[in-house]
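S.K.: Can you keep this structure in mind? I'll have questions shortly.
The values are calculated or read from the model by the stated rules, or taken from the named source; none is laboratory data. Here the structure is a predicted model, which is why all the values come from computation and not from measurement. Every residue, glycine among them, receives a Cβ derived from its backbone with ideal geometry; neighbour counts consider all protein chains shown. Accessible surface areas use protein heavy atoms only, side chains included; no ligands, DNA or RNA. Shrake-Rupley method; radii C 1.70, N 1.55, O 1.52, S 1.80 Å.
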Amino acid sequence: IPENIIRFDVVNMMLLPEYEGVSFDSDNDGIINPNEEVILDISIYNLSNFNAQNIIANISTIEDGIEIVNNELIFENIDANDSNQNSIVVNILDDAFGIIPFNVDVNATYQENGQNIDYNDTFTFDIDVSLNQAGFPYSTINEIHSSPIICDLDLNGEKEIIFGDHFGFVHAIN
C-alpha cells in the first residue's frame with residue numbers, strides 16, 4: 001500500500017556553518033550599531049567522515065541597510081571532523097536596526113565510492129543591530145533626579161557622565 005511507504009534519504013556529508021560573532025566593529029565596543037563597519041566571523045564544521053573539498057559559502061540578506069563587502073567565502077578543503085573559520089566585512093547603514101537575518105548557502109564536493117558528489121545546503125544566522133553602546137543602558141536602583149554632567153573628571157582624556165539619584169548618591173560612569 002503506497003500510503004505506508006516511508007522514504008529515507010541518507011546524507012553522508014554534513015557541513016554546519018556557525019556564526020561565531022563580531023571580531024571588529026568601528027567603535028570597538030563589540031555591539032553592532034548603525035553606520036558601522038563590522039567583521040563577522042563564520043566557521044564551517046565538517047561533521048562527517050568524508051573530507052569536504054572546494055567549499056564555498058555565499059552570504060546574503062534581503063534586509064535594507066546592509067552591504068556585504070565580500071559575500072563569497074572560500075574555505076577550500078575541510079577534513080573530516082575538522083573546521084575552518086573565515087570572515088565577512090559588512091557595512092551597517094544608518095537605516096538598519098533590529099534583528100537582521102542572513103542566509104548562508106554552502107556548496108562543496110566530496111568523494112564517496114570513487115565518485116565526486118556535490119553538496120548544497122542553506123543555513124541562517126541573525127545579528128542584532130542596536131543603538132546601545134558598551135556599558136549602556138546603565139541601570140540604577142533609584143530614580144535619576146539630576147541633569148547629567150559630562151566632563152573629564154579624572155583628567156585622563158576620556159569624559160565621564162556624572163549624575164545624582166533619588167537617595168543622594170552621585171554616580172560617575174566612565
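S.K.: Can you send over the carbon and sulfur percentage of the accessible area for the chain, probe radius 1.4 Å, protein chains only?
M.R.: The computed percentage sits at 49.
S.K.: Please compute P(r) over all alpha-carbon pairs of the chain, binned at 5 Å starting from zero, and give each bin as a whole-number percent.
M.R.: 1, 7, 13, 13, 11, 10, 10, 9, 7, 6, 4, 4, 2, 2, 1, 0, 0
S.K.: Show me, for region 169-174, the HN-Hα J-couplings you get by feeding each phi into the Karplus relation (A = 6.51, B = -1.76, C = 1.60, θ = phi - 60°), rounded to Hz, glycine and proline as x.
M.R.: These are the phi-based 3J(HN,Hα) values: 6, 9, 10, 10, 10, 8 Hz.
S.K.: Lys/Arg Cβ at +1, Asp/Glu Cβ at -1, dipole of the chain taken about the Cα centre: which of TYR119, PHE102, VAL69 is farthest positive-ward?
M.R.: TYR119
S.K.: Moving to a separate point now. For region 1-89, how big is the tail of P(r) above 19 Å, as a whole percent of Cα pairs?
M.R.: Taking all Cα-Cα pairs of region 1-89, the fraction more than 19 Å apart is 53 percent.
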